[in-house]
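Report on one structure; see the data block that follows.
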Amino acid sequence: MELIKQNSQTQIIKSLLVIFLGSVLLAISAKIKIPFYPVPMTMQTFIVLFLGIGFGYKIALATVGLYLIEGILGLPVFSNSPERGVGLAYFMGPTMGYLIGFLSACFFSSFIKASDNHLMIITKLILSVSSIYILGVLWLGTLIGWNKPIFELGVAPFLLAEIFKIALLTILTKKILIFRKFI
């Protein structure tokens with residue numbers, strides 16, 4: 001009985017460490033800007049999807065949730081913060097829908113299995129990323145008005161970068177899933 005309790009405690013500590021380190025990795029991915037066309041690319045959505053694939057939805061949701069809480073509390077973890085603000089004021093700005101979409105994306109990407117073929121993996125990744133953009137566009141349109149070119153402002157500039165990240169994750173998914181069983 002003592003061994004079971006000890007294993008349970010070890011698993012909780014390991015999970016908490018993964019959640020914390022995952023939120024740090026997500027914050028770092030928001031800050032690194034890679035030159036890309038037509039706008040610089042961050043690797044946030046890559047990390048969000050990676051978390052779902054690599055750790056399952058429970059750890060991924062907890063990690064993204066912690067990241068969002070860190071940002072809401074004023075830590076400069078979001079892309080373009082502190083330059084464009086911090087805390088709840090920044091969170092409630094134009095990117096809020098996208099940030100909330102990180103939760104749905106990591107959840108959906110967690111359903112990718114080792115038995116999925118490349119076409120199925122790509123499909124699941126596209127659906128996962130689409131949830132970020134759907135929530136992002138819904139919030140952006142509500143915030144700035146539906147008479148503005150919402151798709152051109154909030155989706156189109158990022159499509160090439162998302163295709164690149166989806167292709168990269170598709171190649172890496174089988175390897176990522178091997179490590180999932182150790183968590």
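Values quoted throughout were computed directly from the atomic coordinates according to the rules given, and no laboratory measurement underlies them. Just so it is clear, the structure is predicted and the values come from calculations on it, not from any experiment. Cβ atoms come from the backbone with ideal geometry, glycine included; neighbour counts cover every protein chain shown.
In percent, how large is the relative contact order of the chain, given Cα pairs closer than 8 Å and 6 or more residues apart?
Details: 240 pairs, mean separation 45.6, N = 183.
So the answer I get is 25 percent.
For Lys14 and Asn117 in one chain, what is 0.36 nm times their gap in residues minus the Cα-Cα distance, to one decimal in nm? Mind dumping the intermediate values first?
Details: separation 103, 0.36 × 103 = 37.08 nm, distance 3.03 nm.
34.0 nm is the gain from fully extending Lys14 to Asn117.
Can you give the three extents of the C-alpha atoms in the chain along their principal axes, from longest to shortest, in whole Å?
Cα extents, longest axis first: 63, 39, 28 Å.
Taking +1 at the Cβ of each Lys and Arg and -1 at the Cβ of each Asp and Glu, which of Leu103, Phe179, Ile28 sits farthest along the dipole of the stretch 2-180 towards its positive end, judged by Cα position relative to the Cα centre?
Farthest towards the positive end: Phe179.
Got a sec? Which residues in the stretch 36-58 would a label at Ile134 touch, if it sits 7 Å along Cα→Cβ and we count backbone N under 14 Å?
Of the residues in the stretch 36-58, none has backbone N under 14 Å from the label point off Ile134.
Counting pairs on different chains as well as pairs 8 or more places apart, how many Lys pairs in the stretch 2-180 have Cα atoms under 19 Å apart?
15
What net charge is computed for the residues neighbouring Thr63, neighbours being all others with C-beta under 15 Å from the C-beta of Thr63, Lys and Arg scored +1, Asp and Glu -1? All intermediate terms of the calculation are to be shown ahead of the outcome.
Numbers: positive: Lys14, Lys58, Arg180; negative: Glu70.
Net local charge, Thr63 excluded: +2.
Using a basic spin-label model with each label point 7 Å from the Cα along Cα→Cβ, how many nm lie between Phe164 and Val39?
1.4
Between beta-carbons, use under 10 Å as the cut-off and find the net charge around Gln44, counting Lys and Arg +1, Asp and Glu -1. Intermediate results must be reported in sequence, preceding the final value.
On the way: positive: Lys31, Lys165; negative: none.
Here the count lands on +2.
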